[in-house]
Amino acid sequence: MKSVLRGAVCTIAAALVLGTGGTAAAQPPAACPNIAPPPPVDTSEVPAPGMPVPEPVPVPENPVGGDRLAECGVVIAQGLPEPPAEVTAASWVLADLDSGAVLAARDPHARHRPASTIKVLTALTAIHALRLDDTIVVTQEDANQEGSRVGLSPGVTYTVQQVLTGLIMRSGNDAAHALAMKMGGVEVTLDKVNALARELGALDTRVATPSGLDGPGMSTSAYDLAVIFRAAMSEPAFASIAAIHNTLLPGKPDGPPLEVWSDNQVLLNYPGGIGGKTGFTDDARHTFIGAAERDGRRLVAVLMRGENQPIRQSQQTMHLLDYGFGLSDDDPVGRLVTTSPEPPYVDAADATAAQAQGDSPVNGQPQASSMFGTVGGPLTLIVILAAAAIGVLALRQRRARLAAAARRKHNGNDHP
């Protein structure tokens with residue numbers, strides 16, 4: 001009991017300090033320590049002058065997809081063989097695209113940077129927001145985007161479907177920027193993309209750039225990417241593009257057409273490959289989504305923060321898919337959700353901006369007044385924070401028990 005009280009006092013003190021600084025309250029601890037991606041290795045995530053460093057995305061009270069997905073190590077059903085040793089990515093998920101069963105995983109809710117795999121969410125947002133036969137005149141700004149580009153030509157008119165093709169097949173940052181501008185600009189697009197992630201139940205995700213280039217607060221998880229990819233594959237427009245091996249897009253004026261090949265080796269070289277997405281940045285390392293169909297089953301494997309050791313990420317993905325096709329859906333370790341199991345939350349950056357405008361949004365609604373403006377405010381704050389501290393401690397102990405129980409249970413047993 002004394003430790004509970006000490007924890008409550010510490011939480012109250014920390015919250016009061018944060019409250020006076022105008023920043024968001026600290027996030028509750030998780031059973032696994034990785035509630036935010038590892039520290040960056042470059043300056044790509046430094047906020048613009050005057051902007052705060054985003055707090056980590058809130059940790060849901062209950063692990064999305066099932067309690068076992070809170071575990072940090074390999075998560076498999078009792079009695080199953082261990083996953084292939086060649087799969088060395090820090091975090092991965094293997095799931096059935098049709099039933100939503102999570103067949104196996106490793107640290108599925110660990111927060112990592114998505115790199116270009118987040119383009120799946122950008123594409124899905126564009127499919128919802130735009131008509132495929134709408135047109136886009138590519139600008140020099142689109143064409144000048146850093147990183148991977150499909151080669152869209154300034155001044156040339158493309159359909160939305162053609163730009164999506166360049167986005168999905170060749171991971172074009174020029175295509176991502178062109179679609180973002182068509183949807184109202186980068187900031188408007190980020191609002192749409194992040195809202196869609198929350199709607200789908202991808203609650204580890206915060207998108208900072210439409211292309212997947214690293215930015216302040218960028219975060220997702222292998223679980224979230226599996227949820228997002230499953231939703232995208234339910235859209236015929238996405239699924240059809242993801243399955244294309246090569247195609248032609250309009251080239252430069254008076255020039256030949258632009259030949260485009262998929263960069264996903266699982267699609268090109270794995271029997272039954274049906275699509276996926278590759279990604280790499282210095283901070284994210286290698287990220288990979290690969291999907292395939294066999295005997296009427298469609299599986300997806302998502303790998304995050306991987307290296308091309310001992311074999312390339314595309315080959316690791318193929319080994320994981322082979323492993324998955326040998327498993328059944330009878331004893332899943334979790335489920336891919338289709339909608340958010342949590343109430344909407346206000347992002348810390350959004351809250352800071354709202355406060356600067358004189359608003360204080362709570363779950364998307366402005367507050368009429370602040371409790372600090374009343375005599376009973378400080379007392380109310382202490383009571384609320386004490387209750388929150390005790391709740392946080394209970395949550396931490398619950399997750400620790402789940403992880404420990406799972407360990408006891410099982411101890412007996414790219415970018416190409």
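The values are calculated or read from the model by the stated rules, or taken from the named source; none is laboratory data. Values in this document were obtained by computation on a predicted structure and should not be read as measured data. As a convention, Cβ positions derive from the backbone with ideal geometry for all residues, glycine included, and neighbour counts pool all protein chains shown.
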Worksheet entry | Residue list for segment 213-269, restricted to those being within 30 Å of GLY50 (Cα to Cα) and modelled with pLDDT under 95 | none
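Could you check segment 60-98 and list, in sequence order, the residues that are of a type in the set (Gly, Ala, Ser) and in a strand (DSSP E or B)? Don't jump to the end; show me each part of the working.
Within segment 60-98, the first condition is being of a type in the set (Gly, Ala, Ser), and the residues that meet it are 65-66, 70, 73, 77, 79, 85, 89-91, 95.
Once the filter is applied, which keeps residues that are of a type in the set (Gly, Ala, Ser) and in a strand (DSSP E or B), segment 60-98 yields SER91, ALA95.
Let's see how each residue does on (1) surrounded by fewer than 24 Cβ atoms within 10 Å (Cβ to Cβ); (2) not basic (Lys, Arg):
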| site | (1), (2) |
| --- | --- |
| HIS109 | no, yes |
| ARG113 | no, no |
| ALA126 | no, yes |
| ASP133 | yes, yes |
| VAL138 | yes, yes |
| GLN145 | yes, yes |
| GLY155 | yes, yes |
| MET169 | no, yes |
Worksheet, complete the sentence: Here the residues within segment 134-154 that are within 19 Å of VAL260 (Cβ to Cβ) and either of a type outside the set (A, V, I, L, M) or assigned to a loop (DSSP other than H, G, I, E, B) (or both) are THR135, VAL138, ASP142, GLN145, GLY147, SER148, ARG149, VAL150, GLY151, LEU152, SER153, PRO154
Worksheet, complete the sentence: Taking first residues from segment 251-266 that are among the basic types (Lys, Arg) and second residues anywhere that are assigned to a loop (DSSP other than H, G, I, E, B), the pairs with Cβ under 6 Å that are 6 or more apart or on different chains are LYS252/SER153
Discussion item. ASP174 - would you say it is more than 28 Å from LEU303 (Cα to Cα) and part of a helix (DSSP H, G or I)?
Written reply: no
Discussion item. Out of ILE244, ILE289, I need the residue that is in contact with a helix residue (DSSP H, G or I) (Cβ under 7 Å, 6 or more places away or on another chain), among the aliphatic types (A, V, I, L, M) and not in a strand (DSSP E or B). Which one?
Written reply: ILE244
Practice prompt. Consider ILE274 carefully, then state whether it is under 15 Å from the mean Cα position of the chain (by Cα), at pLDDT 95 or above, part of a strand (DSSP E or B) and under 28 Å from ARG111 (Cα atoms).
Written response: no
